[in-house]
């Protein structure tokens with residue numbers, strides 16, 4: 001019976017992480033909530049290990065980003081949704097580079113990839129309205145990049161948990 005529970009938590013955790021990945025590209029709900037739930041399912045299923053301080057930190061980050069998602073203005077224009085593609089692909093690329101180097105630099109490379117993806121988006125015709133030193137640039141960066149960084153970092157932690165274990 002215990003094997004069924006652990007297998008079920010493994011499947012639920014992976015499905016929740018995949019849903020979080022999909023929600024990064026189509027942000028209808030906060031993806032970070034699904035990523036945290038998936039990470040919790042994997043932790044309580046015994047598939048990855050997280051310390052109490054890591055659980056507390058990621059839960060606070062999830063609450064903050066979930067609250068920020070609720071406070072964001074609704075109905076983002078269609079032409080600006082291409083930013084999700086640039087930011088998330090840059091973040092995933094940074095995560096993979098960080099995982100290839102070492103788990104300790106994974107988050108740093110993830111953040112660098114996210115920033116690179118965002119700056120690349122601002123150089124496209126659809127992102128040209130974001131000028132660097134303006135408040136709009138910083139606000140849009142925080143609204144788009146923080147959820148991406150947190151969600152993909154949780155996915156990276158889950159993947160690293162499988163690799164190390």
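Since every read-out is calculated from the coordinates, none of them should be taken as a lab result. Here the structure is a predicted model, which is why all the values come from computation and not from measurement. Note: ideal-geometry Cβ built from the backbone for every residue, glycine included; neighbour counts use all protein chains shown.
Among 12, 70, 32, rank each residue by its count of other Cβ atoms within 10 Å, from fewest to most, as a rough exposure measure.
Listed from fewest to most nearby Cβ atoms, that is 70, 12, 32.
Fewest Cβ neighbours within 10 Å first, please rank 101, 48 accordingly.
In order of increasing Cβ crowding within 10 Å: 101, 48.
If each residue of separation counts as 0.36 nm, what is the full-extension length gain between residue 5 and residue 19 once their alpha-carbon separation is subtracted?
Extending this stretch completely gives an extra 3.0 nm.
Which semi-axis lengths, in whole Å and largest first, follow from the square roots of five times the eigenvalues of the Cα gyration tensor of the range 2-164?
Each semi-axis is the square root of five times an eigenvalue, giving 29, 17, 13 Å.
Take the alpha-carbon centre of the range 17-38, take the same for the range 98-137, and report the distance between them in whole Å.
The range 17-38 and the range 98-137 have Cα centres separated by 19 Å.
Mind telling me which of 25, 141, 132 comes out most flexible in a GNM of the chain, alpha-carbon contacts under 10 Å?
Its mean-square fluctuation being the largest, the pick is 132.
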